[in-house]
1. Exactly one condition in (1) in a helix (DSSP H, G or I); (2) without any contact (Cβ under 8 Å) to a residue 40 or more places away in the chain is false for residue 131; which is it?
2. Output the residues belonging to the range 102-127 that are closer than 23 Å to residue 166 by Cα, touching a helix residue (DSSP H, G or I) at 6+ places or on another chain (Cβ under 6 Å) and in a helix (DSSP H, G or I).
3. Which residue, of 65, 84, is within 17 Å of the chain's Cα centre (by Cα) and either buried (at least 18 other Cβ atoms within 10 Å of the Cβ) or farther than 22 Å from residue 125 by Cβ (or both)?
4. Just checking, does the range 123-144 include any residue being within 30 Å of residue 202 (Cβ to Cβ), in the same structural domain as residue 204 (by TED's automatic domain parsing) and surrounded by fewer than 15 Cβ atoms within 10 Å (Cβ to Cβ)?
5. From (1) surrounded by fewer than 19 Cβ atoms within 10 Å (Cβ to Cβ); (2) in contact (Cβ under 8 Å) with a residue 12 or more places away in the chain, pick out the condition that doesn't hold for residue 197.
C-alpha cells in the first residue's frame with residue numbers, strides 16, 4: 001500500500017504540479033471557507049468570502065458580533081446561507097468561549113485534543129474539522145472528501161462502505177506524516193476528481209494515473 005500510494009502521488013504531482021491549496025490570506029479565512037464549502041462549489045465560497053472581506057467582516061471578532069441575519073445576507077452566494085450563518089456563529093462562539101477569539105492560542109493546542117473540540121461544535125464534521133486543522137492551522141491530519149473516496153474506490157483501494165476514519169488512516173499509516181505532503185496529496189486528488197474522475201462519465205481513457213485505472 002505504501003508503494004501504491006506513493007506512486008499515485010508521484011503521477012499526480014508530475015501531471016498537475018503543485019496546487020497551492022488552500023487559497024486564503026489568513027488561517028481564519030481558511031476556517032470560514034471550510035464551513036462555507038459544505039454542499040457547494042468553491043466558486044460560490046469565493047463570492048461569499050469576498051463579500052465578508054469587502055465589508056471587513058472576516059475576523060473572529062466581527063463574526064462574533066454580527067447578527068445571524070446580517071451574516072446570512074453576506075454569505076448568500078454559498079447556498080444554505082441561513083444554516084451556514086448559524087454554523088459560523090457557533091464556531092465564532094466556540095473560539096471566544098474557549099480561546100478568547102485568539103487564533104494564536106488555538107494553534108498551540110495538541111492536534112487530537114483540538115480535533116475532538118472542533119467536532120463538538122455544531123455543524124463541524126470530520127472533513128470540516130480536518131480542513132481547519134490541516135489548512136488553517138498546519139496540523140498533520142489528512143483530509144478525506146468525496147473526491148478522495150471516489151478516486152480510491154474506482155482504483156479498488158477502498159470499499160464502497162469504507163468509513164471516513166478508515167480512509168484517513170490508510171493515508172496516515174502509509175505515507176510520511178507531514179503537513180506539506182498531506183496538503184499537496186489531498187489537493188491533487190481533488191484536482192483529479194474535478195478534471196478526470198468525474199462522478200458521471202469519468203475520463204478514464206486519459207486519466208493521469210494511467211495503468212492504475214480500474215474504472
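The values are calculated or read from the model by the stated rules, or taken from the named source; none is laboratory data. What you see is a predicted model; the values in this text were computed from it and never measured. Quick reminder, even Gly has a Cβ in these numbers, built from the backbone with ideal geometry, and neighbours come from all protein chains shown.
1. Among (1) in a helix (DSSP H, G or I); (2) without any contact (Cβ under 8 Å) to a residue 40 or more places away in the chain, the lone unmet condition for residue 131 is (2).
2. Residues satisfying the conditions are 115, 118, 119, 126.
3. 84
4. No; the residues of the range 123-144 include none that is within 30 Å of residue 202 (Cβ to Cβ), in the same structural domain as residue 204 (by TED's automatic domain parsing) and surrounded by fewer than 15 Cβ atoms within 10 Å (Cβ to Cβ).
5. If we test residue 197 against (1) surrounded by fewer than 19 Cβ atoms within 10 Å (Cβ to Cβ); (2) in contact (Cβ under 8 Å) with a residue 12 or more places away in the chain, just (1) comes out false.
Let's see how each residue does on (1) without any contact (Cβ under 8 Å) to a residue 60 or more places away in the chain; (2) more than 18 Å from residue 4 (Cβ to Cβ):
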| residue | (1), (2) |
| --- | --- |
| 158 | yes, no |
| 167 | yes, no |
| 172 | yes, no |
| 176 | yes, no |
| 203 | yes, yes |
| 209 | no, no |
